Amino acid sequence: MHGLPDVETFMRETNFAVEAEAMGFDFVGPVEHHFTDYAACPDPFQMLAYVAAKTKSIELITAAVILPWNNPLRVAEQFIELDILSGGRLIAGMGRGAARREFRSFGVDLADSREQFDEACALVMEAIETGIFEADTKWYKVPRTELRPRPFKSFKDRTVMVSMSPSSVEVAADYGLKTLRFSQGDWRKAIPEIEHYRATFLEKHARKAPPFIISDFMICFDDRSRVADCTDRYFGPMFQTVAEHYEFMSPHFKELPSYATYAYMGDAAKAAGGADKAYKDYIGGNMIGTPEQLIEHHQLRQSMVGDYEMLCNFSFGGMPYELVYEQAKLFADKVMPHIKASAPEMA
(Lines give C-alpha, C1' and ligand atoms only; values in the text may rest on other atoms or scores of the structure.)
Protein backbone atom coordinates (compact mmCIF):
# COMPACT_ATOMS: atom_id res chain seq x y z
CA MET A 1 0.00 0.00 0.00
CA HIS A 2 1.35 3.43 -0.93
CA GLY A 3 2.66 5.35 2.07
CA LEU A 4 2.58 2.39 4.45
CA PRO A 5 6.13 2.90 5.82
CA ASP A 6 5.25 6.49 6.73
CA VAL A 7 2.06 5.31 8.41
CA GLU A 8 3.90 2.65 10.41
CA THR A 9 6.58 5.11 11.52
CA PHE A 10 4.02 7.70 12.60
CA MET A 11 1.99 5.16 14.58
CA ARG A 12 5.08 3.70 16.24
CA GLU A 13 6.21 7.13 17.34
CA THR A 14 2.72 8.00 18.58
CA ASN A 15 2.49 4.78 20.58
CA PHE A 16 6.00 5.38 21.90
CA ALA A 17 4.64 8.59 23.42
CA VAL A 18 2.24 6.39 25.38
CA GLU A 19 5.12 4.16 26.52
CA ALA A 20 6.91 7.27 27.81
CA GLU A 21 4.53 7.48 30.78
CA ALA A 22 5.44 3.96 31.95
CA MET A 23 9.14 4.82 31.63
CA GLY A 24 8.74 7.77 33.98
CA PHE A 25 8.91 10.71 31.59
CA ASP A 26 7.01 13.80 32.73
CA PHE A 27 5.69 15.12 29.44
CA VAL A 28 5.39 14.43 25.73
CA GLY A 29 5.55 17.17 23.11
CA PRO A 30 4.97 16.73 19.35
CA VAL A 31 5.99 19.57 17.04
CA GLU A 32 3.81 20.81 14.20
CA HIS A 33 5.60 20.24 10.90
CA HIS A 34 4.42 19.57 7.37
CA PHE A 35 5.41 18.26 3.93
CA THR A 36 8.82 16.67 4.67
CA ASP A 37 10.13 13.79 6.79
CA TYR A 38 11.40 16.22 9.41
CA ALA A 39 9.34 15.66 12.59
CA ALA A 40 6.19 15.28 10.51
CA CYS A 41 3.16 15.85 12.76
CA PRO A 42 0.63 18.02 10.94
CA ASP A 43 -1.76 18.23 13.92
CA PRO A 44 -0.34 17.98 17.47
CA PHE A 45 -3.86 18.24 18.91
CA GLN A 46 -4.98 14.99 17.29
CA MET A 47 -1.84 13.13 18.32
CA LEU A 48 -2.06 14.36 21.91
CA ALA A 49 -5.75 13.51 22.14
CA TYR A 50 -4.82 9.94 21.20
CA VAL A 51 -2.06 9.90 23.82
CA ALA A 52 -4.33 11.44 26.45
CA ALA A 53 -6.88 8.67 25.99
CA LYS A 54 -4.24 6.00 26.63
CA THR A 55 -2.43 7.62 29.59
CA LYS A 56 -3.28 8.94 33.04
CA SER A 57 -0.66 11.37 34.28
CA ILE A 58 1.90 12.40 31.66
CA GLU A 59 1.63 16.07 30.69
CA LEU A 60 0.94 17.00 27.08
CA ILE A 61 2.76 19.86 25.33
CA THR A 62 1.95 21.21 21.91
CA ALA A 63 5.60 21.89 21.16
CA ALA A 64 4.49 23.79 19.22
CA VAL A 65 1.37 24.87 17.35
CA ILE A 66 2.56 27.32 14.67
CA LEU A 67 0.19 30.26 14.98
CA PRO A 68 0.72 31.95 11.57
CA TRP A 69 -0.51 28.74 9.91
CA ASN A 70 -3.61 28.41 12.08
CA ASN A 71 -6.71 30.42 12.90
CA PRO A 72 -6.10 31.63 16.48
CA LEU A 73 -9.79 31.32 17.36
CA ARG A 74 -9.67 27.62 16.45
CA VAL A 75 -6.40 27.20 18.32
CA ALA A 76 -7.98 28.62 21.49
CA GLU A 77 -10.91 26.21 21.14
CA GLN A 78 -8.57 23.27 20.60
CA PHE A 79 -6.44 24.13 23.63
CA ILE A 80 -9.50 24.25 25.87
CA GLU A 81 -11.05 21.08 24.45
CA LEU A 82 -7.86 19.03 24.78
CA ASP A 83 -7.26 20.34 28.29
CA ILE A 84 -10.71 19.16 29.33
CA LEU A 85 -10.34 15.77 27.62
CA SER A 86 -6.98 15.19 29.30
CA GLY A 87 -8.11 16.25 32.77
CA GLY A 88 -6.05 19.44 32.81
CA ARG A 89 -2.76 17.94 31.57
CA LEU A 90 -2.23 20.29 28.62
CA ILE A 91 0.67 22.73 28.36
CA ALA A 92 -0.16 25.22 25.61
CA GLY A 93 2.93 25.56 23.41
CA MET A 94 3.05 28.04 20.52
CA GLY A 95 5.60 29.03 17.89
CA ARG A 96 5.87 31.08 14.69
CA GLY A 97 7.76 28.72 12.37
CA ALA A 98 10.83 29.30 10.22
CA ALA A 99 10.70 26.96 7.21
CA ARG A 100 9.96 28.82 4.00
CA ARG A 101 8.44 25.74 2.31
CA GLU A 102 5.74 25.41 5.00
CA PHE A 103 4.79 29.09 4.86
CA ARG A 104 4.65 28.96 1.07
CA SER A 105 2.26 26.00 0.99
CA PHE A 106 -0.06 27.62 3.53
CA GLY A 107 -0.07 30.89 1.58
CA VAL A 108 1.52 32.85 4.42
CA ASP A 109 4.48 35.21 4.00
CA LEU A 110 7.45 34.37 6.21
CA ALA A 111 8.15 38.09 6.58
CA ASP A 112 4.78 38.59 8.31
CA SER A 113 5.27 35.82 10.88
CA ARG A 114 6.56 38.03 13.69
CA GLU A 115 3.54 40.34 13.65
CA GLN A 116 1.09 37.49 13.13
CA PHE A 117 2.49 35.43 15.98
CA ASP A 118 2.63 38.33 18.43
CA GLU A 119 -1.00 39.27 17.77
CA ALA A 120 -2.31 35.70 17.71
CA CYS A 121 -0.43 34.65 20.83
CA ALA A 122 -1.87 37.48 22.92
CA LEU A 123 -5.38 36.71 21.63
CA VAL A 124 -5.09 32.98 22.34
CA MET A 125 -3.71 33.52 25.85
CA GLU A 126 -6.59 35.83 26.71
CA ALA A 127 -9.18 33.46 25.26
CA ILE A 128 -8.00 30.28 27.01
CA GLU A 129 -8.01 32.14 30.31
CA THR A 130 -11.35 33.92 30.00
CA GLY A 131 -13.33 31.85 27.49
CA ILE A 132 -13.85 34.99 25.38
CA PHE A 133 -12.19 35.62 22.00
CA GLU A 134 -12.27 39.10 20.53
CA ALA A 135 -9.85 40.61 18.02
CA ASP A 136 -9.43 43.96 16.33
CA THR A 137 -5.79 43.91 15.23
CA LYS A 138 -3.93 44.31 11.96
CA TRP A 139 -4.14 40.60 11.12
CA TYR A 140 -7.22 39.40 12.99
CA LYS A 141 -10.78 40.75 13.11
CA VAL A 142 -13.20 38.70 15.24
CA PRO A 143 -16.28 40.01 17.07
CA ARG A 144 -16.67 39.14 20.76
CA THR A 145 -17.19 35.39 20.79
CA GLU A 146 -17.87 33.12 23.77
CA LEU A 147 -16.07 29.81 23.49
CA ARG A 148 -17.70 26.45 24.17
CA PRO A 149 -16.73 24.48 26.09
CA ARG A 150 -15.39 27.08 28.50
CA PRO A 151 -11.94 26.65 30.10
CA PHE A 152 -12.32 24.71 33.35
CA LYS A 153 -9.01 25.76 34.96
CA SER A 154 -6.40 28.47 34.54
CA PHE A 155 -3.58 28.14 32.01
CA LYS A 156 -1.35 30.36 34.17
CA ASP A 157 2.18 28.93 34.08
CA ARG A 158 1.03 26.38 31.48
CA THR A 159 1.98 28.35 28.38
CA VAL A 160 5.19 27.86 26.39
CA MET A 161 6.72 29.65 23.42
CA VAL A 162 9.45 28.45 21.09
CA SER A 163 12.14 31.16 21.37
CA MET A 164 15.04 30.86 18.93
CA SER A 165 15.67 34.53 18.15
CA PRO A 166 16.18 37.80 20.08
CA SER A 167 12.73 39.05 19.06
CA SER A 168 11.08 35.82 20.25
CA VAL A 169 12.88 36.05 23.58
CA GLU A 170 11.50 39.58 24.03
CA VAL A 171 7.95 38.46 23.29
CA ALA A 172 8.17 35.42 25.59
CA ALA A 173 9.43 37.52 28.50
CA ASP A 174 6.89 40.29 27.87
CA TYR A 175 3.95 37.86 27.72
CA GLY A 176 5.14 35.83 30.73
CA LEU A 177 5.64 32.65 28.71
CA LYS A 178 7.97 29.78 29.45
CA THR A 179 10.46 29.28 26.62
CA LEU A 180 11.51 26.24 24.61
CA ARG A 181 14.80 26.14 22.72
CA PHE A 182 16.12 23.50 20.33
CA SER A 183 19.71 22.30 20.58
CA GLN A 184 21.40 23.71 17.49
CA GLY A 185 25.06 24.06 18.45
CA ASP A 186 27.36 25.49 21.10
CA TRP A 187 25.17 26.48 24.06
CA ARG A 188 27.62 29.18 25.13
CA LYS A 189 26.42 31.25 22.17
CA ALA A 190 22.83 31.15 23.49
CA ILE A 191 23.67 32.39 26.99
CA PRO A 192 23.17 36.13 26.22
CA GLU A 193 19.63 35.47 24.94
CA ILE A 194 18.83 33.21 27.88
CA GLU A 195 20.07 35.74 30.41
CA HIS A 196 18.20 38.55 28.65
CA TYR A 197 14.99 36.50 28.81
CA ARG A 198 15.40 35.90 32.52
CA ALA A 199 16.23 39.52 33.30
CA THR A 200 13.34 40.86 31.20
CA PHE A 201 10.90 38.34 32.68
CA LEU A 202 11.87 39.40 36.22
CA GLU A 203 11.53 43.08 35.32
CA LYS A 204 8.12 42.63 33.66
CA HIS A 205 6.53 40.23 36.14
CA ALA A 206 8.39 40.77 39.42
CA ARG A 207 9.15 37.07 39.74
CA LYS A 208 11.83 34.67 38.64
CA ALA A 209 11.45 33.21 35.15
CA PRO A 210 10.59 29.50 35.07
CA PRO A 211 13.23 27.00 33.87
CA PHE A 212 13.22 26.88 30.09
CA ILE A 213 12.92 23.68 28.06
CA ILE A 214 15.72 22.33 25.87
CA SER A 215 14.64 20.00 23.07
CA ASP A 216 17.44 17.49 22.41
CA PHE A 217 18.02 14.77 19.89
CA MET A 218 19.19 11.75 21.89
CA ILE A 219 21.49 8.81 21.34
CA CYS A 220 22.08 6.72 24.46
CA PHE A 221 23.80 3.33 24.58
CA ASP A 222 26.18 1.71 27.08
CA ASP A 223 28.69 0.86 24.36
CA ARG A 224 30.59 3.83 22.90
CA SER A 225 31.01 2.05 19.60
CA ARG A 226 27.23 1.73 19.30
CA VAL A 227 26.89 5.42 20.08
CA ALA A 228 29.34 6.26 17.29
CA ASP A 229 27.71 3.87 14.83
CA CYS A 230 24.18 5.20 15.48
CA THR A 231 25.39 8.78 15.28
CA ASP A 232 26.83 8.17 11.81
CA ARG A 233 23.92 6.01 10.69
CA TYR A 234 20.96 8.05 11.96
CA PHE A 235 22.03 11.45 13.28
CA GLY A 236 23.78 12.38 10.05
CA PRO A 237 20.68 11.88 7.85
CA MET A 238 18.55 13.67 10.44
CA PHE A 239 20.89 16.69 10.42
CA GLN A 240 20.73 16.81 6.63
CA THR A 241 16.92 16.74 6.81
CA VAL A 242 16.88 19.60 9.31
CA ALA A 243 19.33 21.69 7.26
CA GLU A 244 17.30 21.18 4.09
CA HIS A 245 13.96 21.76 5.81
CA TYR A 246 15.01 25.14 7.23
CA GLU A 247 17.47 26.06 4.45
CA PHE A 248 20.04 27.17 7.04
CA MET A 249 22.64 27.98 4.39
CA SER A 250 20.25 30.08 2.31
CA PRO A 251 20.74 33.87 2.23
CA HIS A 252 16.99 34.59 2.45
CA PHE A 253 17.09 34.93 6.26
CA LYS A 254 19.29 38.02 5.88
CA GLU A 255 16.30 39.87 4.47
CA LEU A 256 14.22 39.06 7.58
CA PRO A 257 15.41 40.93 10.70
CA SER A 258 13.27 38.82 13.04
CA TYR A 259 15.14 35.70 11.88
CA ALA A 260 18.59 37.14 12.60
CA THR A 261 19.63 34.02 14.53
CA TYR A 262 19.07 31.82 11.48
CA ALA A 263 21.09 34.16 9.27
CA TYR A 264 23.86 34.15 11.86
CA MET A 265 23.87 30.35 12.00
CA GLY A 266 24.28 30.13 8.25
CA ASP A 267 27.09 32.72 8.19
CA ALA A 268 28.84 31.06 11.13
CA ALA A 269 28.70 27.67 9.46
CA LYS A 270 30.18 29.05 6.24
CA ALA A 271 32.91 30.99 8.06
CA ALA A 272 33.87 28.05 10.27
CA GLY A 273 34.15 25.41 7.60
CA GLY A 274 30.70 24.93 6.16
CA ALA A 275 28.28 22.11 6.77
CA ASP A 276 30.85 19.77 8.35
CA LYS A 277 31.61 22.22 11.14
CA ALA A 278 27.92 22.97 11.63
CA TYR A 279 27.28 19.22 11.89
CA LYS A 280 29.94 18.78 14.58
CA ASP A 281 28.55 21.72 16.54
CA TYR A 282 25.05 20.26 16.22
CA ILE A 283 26.25 16.94 17.65
CA GLY A 284 28.00 18.73 20.50
CA GLY A 285 24.87 20.66 21.42
CA ASN A 286 22.59 17.61 21.67
CA MET A 287 22.63 14.66 24.08
CA ILE A 288 24.71 11.93 22.47
CA GLY A 289 26.77 9.38 24.37
CA THR A 290 26.80 6.70 27.04
CA PRO A 291 24.69 7.26 30.16
CA GLU A 292 27.78 8.48 32.01
CA GLN A 293 28.62 10.92 29.21
CA LEU A 294 25.05 12.24 29.10
CA ILE A 295 25.02 12.88 32.85
CA GLU A 296 28.30 14.77 32.51
CA HIS A 297 26.96 16.68 29.49
CA HIS A 298 23.84 17.67 31.43
CA GLN A 299 25.85 18.84 34.42
CA LEU A 300 28.19 20.90 32.24
CA ARG A 301 25.32 22.45 30.30
CA GLN A 302 23.40 23.23 33.47
CA SER A 303 26.46 25.01 34.87
CA MET A 304 26.48 27.20 31.74
CA VAL A 305 22.80 27.95 31.12
CA GLY A 306 21.26 27.42 34.55
CA ASP A 307 18.15 25.41 35.36
CA TYR A 308 16.31 23.84 32.45
CA GLU A 309 14.02 20.95 31.58
CA MET A 310 14.65 18.48 28.78
CA LEU A 311 12.39 17.37 25.91
CA CYS A 312 13.94 14.16 24.53
CA ASN A 313 13.75 13.15 20.87
CA PHE A 314 14.77 9.49 20.45
CA SER A 315 13.32 8.69 17.03
CA PHE A 316 14.88 10.24 13.92
CA GLY A 317 16.84 9.51 10.77
CA GLY A 318 15.00 6.25 10.06
CA MET A 319 16.15 4.61 13.31
CA PRO A 320 14.39 1.24 13.84
CA TYR A 321 11.82 1.24 16.61
CA GLU A 322 13.71 -1.43 18.53
CA LEU A 323 16.68 0.91 18.90
CA VAL A 324 14.44 3.86 19.75
CA TYR A 325 12.86 1.90 22.58
CA GLU A 326 16.16 0.43 23.81
CA GLN A 327 17.95 3.73 24.17
CA ALA A 328 14.93 5.49 25.67
CA LYS A 329 14.61 2.79 28.32
CA LEU A 330 18.33 3.01 29.10
CA PHE A 331 18.09 6.79 29.37
CA ALA A 332 15.07 6.50 31.67
CA ASP A 333 16.80 3.98 33.92
CA LYS A 334 20.31 5.43 34.14
CA VAL A 335 20.25 9.11 33.17
CA MET A 336 16.83 10.50 34.04
CA PRO A 337 17.16 9.95 37.83
CA HIS A 338 20.25 12.18 37.86
CA ILE A 339 18.54 14.86 35.78
CA LYS A 340 15.46 14.86 38.01
CA ALA A 341 17.64 14.99 41.12
CA SER A 342 19.30 18.17 39.84
CA ALA A 343 16.04 19.86 38.90
CA PRO A 344 15.06 22.96 40.93
CA GLU A 345 12.30 22.83 43.48
CA MET A 346 9.26 24.57 42.03
CA ALA A 347 7.30 26.96 44.22
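On the principal axes of its alpha carbon atoms, the stretch 21-167 extends 43, 38, 26 Å, with the longest extent given first.
Might you report the magnitude of the Cβ-based charge dipole of the chain about its Cα centre, with Lys and Arg at +1 and Asp and Glu at -1, to the nearest 20 debye? Write out the running numbers ahead of the final one.
Values: 37 positive and 50 negative charges, 90 e Å.
I would put it at about 440 debye.
If you take all other residues with their beta carbon under 10 Å from the beta carbon of F316, and give Lys and Arg +1 and Asp and Glu -1, the sum is -2. A simple spin-label model places pseudo-atoms 7 Å from Cα toward Cβ; at D157 and S225 they are separated by 4.9 nm. Charged side chains reduced to their Cβ positions (Lys and Arg at +1, Asp and Glu at -1) give the stretch 187-230 a dipole of some 300 debye around its Cα centre.
Using 0.36 nm per residue of separation minus the Cα-Cα distance, give me the extension gain between V18 and E244 in nm, one decimal. List each step's numbers first, then the result.
Working: separation 226, 0.36 × 226 = 81.36 nm, distance 3.00 nm.
This chain segment gains 78.4 nm when fully extended.
Ratio to report: Rg/Rh of the stretch 23-83, with Cα atoms as the point set and Rh obtained by the Kirkwood method; give two decimals. Mind showing how you got there, number by number?
Numbers: Rg = 12.0 Å, Rh = 12.3 Å.
Rg/Rh for the stretch 23-83 comes to 0.98.
One chain, two ends: S105 and D232. Fully extended at 0.36 nm per residue, the span grows by 42.5 nm beyond their Cα-Cα distance. Note on the chain: dipole from Cβ charges, positive end direction compared against G306, P320, F217; the farthest Cα belongs to G306. For F27, the amide hydrogen comes within under 5 Å of the amide hydrogens of E59, counting only partners 5 or more places away or on other chains and with H modelled in the peptide plane. Charge dipole (Cα centre; +1 on Lys/Arg Cβ, -1 on Asp/Glu Cβ; no other charges) of the stretch 88-206 amounts to roughly 500 debye. Which of the listed residues, M125, T9, M23, is farthest toward the dipole's positive end in the stretch 1-136, when Lys, Arg count +1 and Asp, Glu count -1 at the beta-carbon? Checking the options against the dipole of the stretch 1-136, the answer is T9. Comparing the chain with the 2.2 N^0.38 Å rule of thumb, its C-alpha radius of gyration ratio is 0.96 (two decimals).
Each label point was placed 7 Å from the Cα along the Cα-to-Cβ direction; for F10 and A49 their separation is 1.5 nm. Label-to-label distance for K56 and E296 is 4.0 nm, based on points extended 7 Å past Cα in the beta-carbon direction.
Ordering V142, A49, Q78 by Cα displacement along the dipole of the chain toward the positive end leaves V142 in first place; charges were set at the Cβ atoms of Lys, Arg (+1) and Asp, Glu (-1).
The Cβ shell under 11 Å around P237 holds other residues with a net charge of -2, Lys and Arg each +1, Asp and Glu each -1. Rolling a 1.4 Å probe over the protein heavy atoms gives the chain an accessible area of 47 Å² per residue.
Keeping the other protein chains in place, figure out the carbon and sulfur percent of the accessible area of the stretch 291-341, with a 1.4 Å probe.
Details: 1260 of 2320 Å².
It is 54 percent, rounded to a whole number.
With a cut-off of 12 Å between beta carbons, the residues surrounding F103 carry a summed charge of 0, where Lys and Arg count +1 and Asp and Glu -1.
The values are calculated or read from the model by the stated rules, or taken from the named source; none is laboratory data. If you're wondering where the values come from, they're calculated on a predicted model, not measured in any experiment. Note that we place each Cβ from the backbone using ideal geometry, even for glycine, and neighbour counts take in every protein chain shown. Side chains included, ligands, DNA and RNA excluded: accessible areas come from the protein's heavy atoms. Shrake-Rupley method; radii C 1.70, N 1.55, O 1.52, S 1.80 Å.
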